[in-house]
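Structure first, then comments.
The values are calculated or read from the model by the stated rules, or taken from the named source; none is laboratory data. Being a predicted model, the structure only gives us computed values, none of them experimental. Cβ placement follows ideal geometry from the backbone for every residue including glycine, while neighbour counts extend to all protein chains displayed.
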């Protein structure tokens, strides 16, 4: 798993926990934490897919070179 995807996933989990704590304390700032969790979730998904495509492109390049 790419390092940036792991960082984004960690931010997503921490933001979700912060949102729960904020809402439990009666603060509406949890909405901002939820938005941050969504953004970081999308970033993690992007970096995972990018790494997968990069690996596939390297594999195709190796196959073309061997033909």
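The rows are residues; the columns are (1) surrounded by fewer than 12 Cβ atoms within 10 Å (Cβ to Cβ); (2) under 22 Å from residue 54 (Cβ atoms).
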| residue | (1), (2) |
| --- | --- |
| 1 | yes, yes |
| 5 | no, yes |
| 9 | no, yes |
| 13 | no, no |
| 18 | no, no |
| 22 | no, no |
| 25 | yes, no |
| 30 | no, no |
| 38 | no, no |
Looking at the structure I just gave you, is residue 47 part of a helix (DSSP H, G or I), surrounded by 17 or more Cβ atoms within 10 Å (Cβ to Cβ) and at pLDDT 95 or above? yes
Checklist (1) outside any helix (DSSP H, G or I); (2) modelled with pLDDT under 95 applied to residue 62, failing item: (1)
